[in-house]
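Trainee: Questions regarding the structure given below will be posed in turn.
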Amino acid sequence: EGSKLFLGERAKEIYEKSIRVALKLNEITKEQSYAEDAFEFAEKSKVSVLLDALRDADAKQFAGISDSLLDQEKEIKIDLAFYDKSLAEEQQKGKEADSAKISLWSDKVFVLKQKYESLISFLEKEYKDYYNLKYESKTITVKEIQEKILDDKSGMIEYFVGDSSIYIYVIAKNYFNVLTIKHEEQFKDQVERMRDAIISMKDLKNSDKYSRYTDLS
């Protein structure tokens with residue numbers, strides 16, 4: 001859990017750099033696969049602690065796993081989080097850190113991680129549905145969207161909003177492109193106004209304030 005939170009704090013920066021690199025490779029090589037990689041990074045950026053919680057609930061509800069195994073998994077995670085946090089806090093003390101505590105808690109963390117990995121391997125073999133719901137993090141690809149979701153009359157637009165740029169993914173049945181625009185300072189205000197426009201849709205017909213965002217003809 002601590003690793004997920006740490007990654008969450010840096011995720012936006014990491015994924016934005018990954019997208020930038022993938023698109024640069026696409027520009028240099030003209031290989032479409034790099035643009036598709038940029039889309040995959042945008043998809044992965046949406047995975048979060050909240051999604052893990054939703055997966056956990058769905059997995060418990062639909063996978064038919066026993067309560068004893070769920071309790072065992074929960075206990076290991078609680079213990080691991082406790083010793084992981086205690087170890088990190090002691091290590092941060094630098095020269096004043098208690099070496100005995102660091103050694104003891106390092107051993108605890110190692111044993112618990114081994115135990116947890118063994119449990120996950122068991123779940124993967126014996127409770128495949130639970131494992132897939134909770135631990136499988138495969139994201140959908142551009143090709144899968146084109147083949148399984150879109151028809152000839154539909155399309156999809158997805159956005160990744162980074163600190164310096166906004167990446168717009170445009171997908172149709174036989175078309176895929178990535179557009180990059182500068183992230184202007186007023187962007188957040190524009191999004192909030194557009195959101196208000198959507199919420200106030202019933203009032204838009206007689207409102208000049210939101211007319212720029214809609215066409216009611």
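The values are calculated or read from the model by the stated rules, or taken from the named source; none is laboratory data. The shown structure was predicted, so the numbers you read here are calculated from the model rather than taken from an experiment. Heads up, the Cβs are rebuilt from the backbone with ideal geometry, glycines too, and the neighbour counts pull from every protein chain shown. The protein model used for the area step is the full one, side chains on, heavy atoms only, and it has no ligands, DNA or RNA in it. Shrake-Rupley method; radii C 1.70, N 1.55, O 1.52, S 1.80 Å.
Trainee: Tell me, which residue of the stretch 46-74 that is under 22 Å from the mean Cα position of the chain (by Cα) and outside any helix (DSSP H, G or I) is modelled with the lowest pLDDT?
Mentor: SER48
Trainee: Here's something else I'd like to know. Scanning the stretch 77-103 for residues that are without any contact (Cβ under 8 Å) to a residue 60 or more places away in the chain, in a helix (DSSP H, G or I) and among the small types (Gly, Ala, Ser), which turns out least open to solvent (accessible area, probe 1.4 Å)?
Mentor: Here the answer is SER86.
Trainee: Out of (1) at pLDDT 85 or above; (2) touching a helix residue (DSSP H, G or I) at 6+ places or on another chain (Cβ under 8 Å), what's the single condition that is false for SER99?
Mentor: The number of the failed condition is (2).
Trainee: Still on this model: Looking at GLU16, GLU43, which is the one that is at pLDDT below 90, open to solvent by less than 70 Å² (accessible area, probe 1.4 Å) and closer than 30 Å to ASP163 by Cα?
Mentor: Step by step, each of GLU16, GLU43 is checked, and only GLU43 is at pLDDT below 90, open to solvent by less than 70 Å² (accessible area, probe 1.4 Å) and closer than 30 Å to ASP163 by Cα.
Trainee: Next question. Consider SER106 against the criteria (1) outside any strand (DSSP E or B); (2) open to solvent by 60 Å² or more (accessible area, probe 1.4 Å): it satisfies all of them except one. Which criterion is unmet?
Mentor: (2)
Trainee: Is it fair to say ASP129 is assigned to a loop (DSSP other than H, G, I, E, B), open to solvent by 70 Å² or more (accessible area, probe 1.4 Å) and at pLDDT below 90?
Mentor: no
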